[in-house]
Amino acid sequence: MPIHGRTIQERIDWLYELGRVHSEAFRSPEAFLARQRYQAEHPTLVAVMKCMDGRIHIPYATQTPMGIIHPLRNLGGIFDLGWPHLGEVLNATIQHAVQKGRCVLLLITYHYSKGDPQRNCAGFNFDTEAAIAHTYRIKQQVEAIFGSAHQTVYPLVCGFETDEDALVLHGNNGERLDLAAIGDVTDQAMSPRLSALYPDMPHQVLLDLLPLIQGNAAHIDEVRKSSRELDIVHHEWAICIGRGFDFLHAPNVALIVGPYSPNLGEPISKAAAIIRDNMEKGRIPDDGFLLLASSPYQEIGVDRARAILKARFLAEFAGEVIRSSFAELGTRMVAHTAVLNWPTRELEPID
């Protein structure tokens with residue numbers, strides 16, 4: 001039976017096991033060396049601003065090693081760099097990379113379905129053009145903060161087509177490159193195409209964008225050879241709020257709400273509505289859903305203690321939003337709190 005159809009306790013046990021396996025794999029000598037080798041060959045830091053939708057998993061869709069791509073998630077991929085916490089997190093991430101002499105490639109994404117408009121982004125009421133317009137506003141904010149010459153931070157607007165997990169690159173000249181519609185993705189074929197799309201892109205950033213494109217092309221080919229019914233419609237059964245959910249490298253499991261928006265109740269309510277809809281339409285059992293709050297920490301002591309308080313606050317806040325807006329759904333909520341050891345990626349249950 002697919003994980004979506006099992007009892008809530010079986011699903012929760014499965015999720016924690018996924019976290020344990022992910023941490024073990026992340027800490028393994030082979031994975032450590034793979035990350036070191038990848039970053040030595042491709043030093044550009046890649047960060048992705050994306051929707052909380054459980055179908056969108058950029059590392060999985062680009063076949064990128066664990067721990068390379070830095071995710072930022074929110075409802076609909078809706079962000080405003082004026083939000084205090086978001087600005088601090090993004091700036092700290094970029095400054096840390098720059099101090100090590102690395103450029104930053106920031107993928108600003110929207111998502112849609114080519115098969116059914118009702119599978120487009122619910123955060124924009126399924127209006128893809130509105131979602132695209134918003135990504136360009138984010139790009140303008142990035143340029144206002146980090147510069148429009150793009151020699152250190154390169155903001156790239158990118159679509160994600162959820163039926164085939166295909167990236168759609170938006171060029172500076174208005175042209176779009178749909179990776180589901182191209183054949184040859186070798187360096188020799190793609191380098192001139194990328195140079196035409198992004199004439200101001202630093203050479204190293206262009207070289208480091210290539211493996212994402214090639215990985216996505218390989219992934220699309222695999223998707224076309226498999227059954228995707230469960231993955232192209234909502235089957236999420238967990239709401240994850242906070243940060244530190246990289247271990248969820250299985251699509252369509254959780255709606256991940258980053259702690260960025262000053263109006264945090266809105267994405268939580270939207271996520272709860274999707275969970276309720278999944279139950280009502282029989283996509284998942286109605287015996288319960290998981291609310292998991294997590295906060296990462298770098299060091300034991302004060303940093304970990306603060307992470308525990310942040311995770312508990314997020315759990316209490318999200319739980320209250322769900323119970324007040326969806327009283328019946330609130331009775332089926334199973335709330336867990338955890339912190340994530342960032343150096344080891346180990347998920348540590350607290351409550």
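We did not get these values from a lab; they are worked out from the coordinates using the rules stated. No experiment lies behind these values; they were computed from the predicted model shown. Here the Cβ is made from the backbone with ideal geometry for all residues, glycine too, and neighbour counts use every protein chain on show.
Observations
- Solvent-free Debye calculation, one equal scatterer per alpha-carbon of the stretch 195-351: log10 I(q)/I(0) at 0.18, 0.20 Å⁻¹ equals -1.06, -1.15.
- Dipole orientation for the chain: of the candidates L197, G242, L209, G242 has the Cα lying most toward the positive pole (charges on Cβ; Lys, Arg +1; Asp, Glu -1).
- Under 15 Å, Cβ to Cβ, from I300 - net charge with Lys/Arg +1 and Asp/Glu -1: -2
- Normalising by residue count, the stretch 168-286 has a Cα convex hull of 165 Å³ per residue.
- The convex hull of the Cα atoms of the stretch 1-158, projected and averaged over all directions, covers 11.6 nm².
- Value in Å of the Kirkwood radius, where the stretch 273-351 supplies the Cα pairs that are averaged: 13.6 Å
- DSSP H segments from the chain that extend 30 Å or more along their own axis, Cα-based, with Kyte-Doolittle mean of -1.0 or above: 203-224, 302-325
- Choice from P296, P117, P211 showing the highest fluctuation, given a GNM over the chain with Cα pairs closer than 10 Å: P117
- The lysines whose alpha-carbon is closer than 21 Å to the alpha-carbon of K50, local same-chain residues fewer than 8 away aside, are K114, K139, K270.
- Net charge over other residues, Cβ less than 9 angstrom from the Cβ of P155 (K, R count +1; D, E count -1): 0
- Among 8-21, 99-112, 37-50, the order from most to least packed when residues are scored by Cβ within 10 Å on average: 99-112, 37-50, 8-21
- Note on the chain: Rg/Rh from C-alpha atoms, Kirkwood Rh, equals 0.94.
- The gain in end-to-end length when the Q9 to W83 segment is fully stretched comes to 23.0 nm, 0.36 nm per residue minus the alpha carbon separation.
- P(r) of the stretch 149-234 over all Cα-Cα pairs, binned every 5 Å from zero, in whole percent: 3, 13, 24, 24, 17, 9, 6, 3, 0
- Dividing the helix sum by the residues of the chain, where each DSSP H run of 4 or more adds -39500 (n - 2.57), gives a mean residue ellipticity at 222 nm of -14000 deg cm²/dmol.
- A simple spin-label model places pseudo-atoms 7 Å from Cα toward Cβ; at D287 and Y60 they are separated by 2.3 nm.
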